[in-house]
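Report on one structure; see the data block that follows.
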Amino acid sequence: MIKVRVLVGTRKGAFILTSDENRMNWEVSGPHFSGWEIYHVNGSPVNPDRLYASQTSDWFGQVIQRSDDGGTTWEAVNNDFSYVGDPGTHLYYDDSQKPWAFKRVWNLQPSFTDPELVYAGVEDAALFVSKDGGQHWQELEGLRDVKGHMWQPGAGGLCLHTILLDPADPKRIYVAISAAGAFRSEDGGQTWAPINKGLRSDYELPDPGADVGHCVHSLAMHPSNPKVLFMQKHWDVLRSDDAGDMWHEVSGNLPSDFGFPIAVHAHEPETIYVVPIKSDSEHFPPDGKLRVYRSRSGGNQWEALTDGLPQQDCYVNVLRNALAMDTIKECGIYMGTSGGQVYVSADSGDHWETIVHNLPPVLSVEVQVIK
Amino acid sequence: MIQVVLPYHLQRLAGSGRIVELEVASPVTQRSILDALEARYPMLRGTVRNQKTGDRNAYVRFFACNEDYSLNSPDDPLPEAVVQGKEEFMIVGAMAGG
């Protein structure tokens, strides 16, 4: 029997939503770590019962939790994210240079092959790796060599929020940082190159085509075609067909090309999803209508998916890590909002149901299919 | 025994009660109390003070005997009433956020 487990991080705790493959009847477990901000909960593709959670607080700092029973019990593991050497300074909002300082973990990405190997994307932006299930963390400091002094915080902070591991090549890693851009490593994270050619950030950067400084909001790839990347930038939706060497815009007929998440259908590598948001100064959907947009052509031609989603007076946001796909034959899509709703579509986005209505603001959504 | 009061979230994290009793070698200071606390409850490392520098987290305060010791040196001796276990050493989440 197939079980679906949705891992939800919110401003006030984690929640685990479970269902069978029909995805109609849901059990809700939580809040776990109540009162703490849970930026991300993610499971190992190798051992789905191995979960990692980023538990964070302005008062009490960062905790990393690990579960070996699918989230029933948890154990705090190491939370020492020390930068290698003197990390120096980065650009700040007022154009000054500010010392690098660890604040929180935004993203936890377990390896495709080893449940003990997990990557952590942090604020201030850096990538850490643990090879022992979170007992020790080591910074992959070569990333900061890519003009780290020119990176600057986006509105949410100077955060490394997206980690993509190439299932075909364990040495290839992509990350995205707000506001620095996208970066690629071909050697397991030791050295990095910016992959921002083709991005344009008019009115955001003095040089709109600079090689670093872009506010990339999220990246996505399909595991069967890992050289094709999709990007939701601050403004603009883009794709690359050469592992990020060059990008071109595919915003097409979207009502707004500002947004946070982007995701790829589990079985259709050219079917992608975004959630348009009106603007960077108005973090809510255009016209008060929550619409997921789907392109079946890898971009440019988009259709609105609205059935079951609120189509009036809706002013929630969907954050960058709050859109996820399951791998069931009829692909399921999961979306969490700043209003505390988690929606599911069990038919690739054609129809939507609400799993839970009133959670705290949702920061992240991941999904596991357990056989 | 030193009586240390933990804030709610750290009680939950440590799996402790509101008060933990700690054997702390003399001189009893903020640093020696936190050293003993973190040795007993390793999951609290980093939640009260920076693991590398030892600096107090910005939104954590230390109260004892109706006084705020947060800005004192971590190596200053604490009042005798705390040393004797007659008064609590309170780790408090700062009042912030409305």
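The values are calculated or read from the model by the stated rules, or taken from the named source; none is laboratory data. Since we're looking at a predicted model, the values are computed, not measured. As a convention, Cβ positions derive from the backbone with ideal geometry for all residues, glycine included, and neighbour counts pool all protein chains shown. Heads up: the accessible areas ignore ligands, DNA and RNA and are worked out on the full protein's heavy atoms, side chains in. Shrake-Rupley method; radii C 1.70, N 1.55, O 1.52, S 1.80 Å.
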Just a yes or no: is a residue in the stretch A:45-65 in contact (Cβ under 8 Å) with a residue 24 or more places away in the chain, small (G, A, S), more than 10 Å from chain B (Cβ to nearest Cβ) and surrounded by fewer than 22 Cβ atoms within 10 Å (Cβ to Cβ)?
-> no
Which ones in the stretch B:59-98 are free of Cβ contacts under 8 Å to residues at least 24 places away in the same chain, within 14 Å of chain A (Cβ to nearest Cβ) and open to solvent by 40 Å² or more (accessible area, probe 1.4 Å)?
-> B:M95, B:G97, B:G98
Counting only residues that are open to solvent by 30 Å² or more (accessible area, probe 1.4 Å) and in contact with a helix residue (DSSP H, G or I) (Cβ under 6 Å, 6 or more places away or on another chain), which one in the stretch A:245-302 is farthest from A:N321 (Cα to Cα)?
-> A:P255
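Within the stretch A:88-103, which residues are open to solvent by less than 50 Å² (accessible area, probe 1.4 Å) and within 22 Å of A:D58 (Cβ to Cβ)?
Listed by number, the residues that qualify are A:H90, A:W100, A:A101.
Matching residues to (1) assigned to a loop (DSSP other than H, G, I, E, B); (2) crowded, with 19+ Cβ neighbours inside 10 Å; (3) more than 8 Å from chain A (Cβ to nearest Cβ); (4) without any contact (Cβ under 8 Å) to a residue 40 or more places away in the chain:
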residue	(1), (2), (3), (4)
B:V4	no, yes, yes, no
B:H9	no, yes, no, no
B:L13	no, yes, no, yes
B:S16	yes, no, yes, yes
B:S32	no, yes, yes, yes
B:D35	no, no, yes, yes
B:A39	no, no, yes, yes
B:T47	yes, yes, no, yes
Within the stretch A:1-23, track down each residue that is in a loop (DSSP other than H, G, I, E, B) and under 24 Å from A:N317 (Cα atoms).
-> A:R11, A:K12, A:R23
If we take the stretch A:50-151, then strands (runs of 3 or more DSSP E) inside it with 1 or more residues that are among the β-branched types (V, I, T) are A:51-57, A:61-67, A:75-77, A:89-91, A:104-110, A:118-123, A:126-130
Kindly list the number of the only condition in (1) surrounded by fewer than 22 Cβ atoms within 10 Å (Cβ to Cβ); (2) in contact (Cβ under 8 Å) with a residue 24 or more places away in the chain; (3) assigned to a loop (DSSP other than H, G, I, E, B) that fails for A:S201.
-> (1)
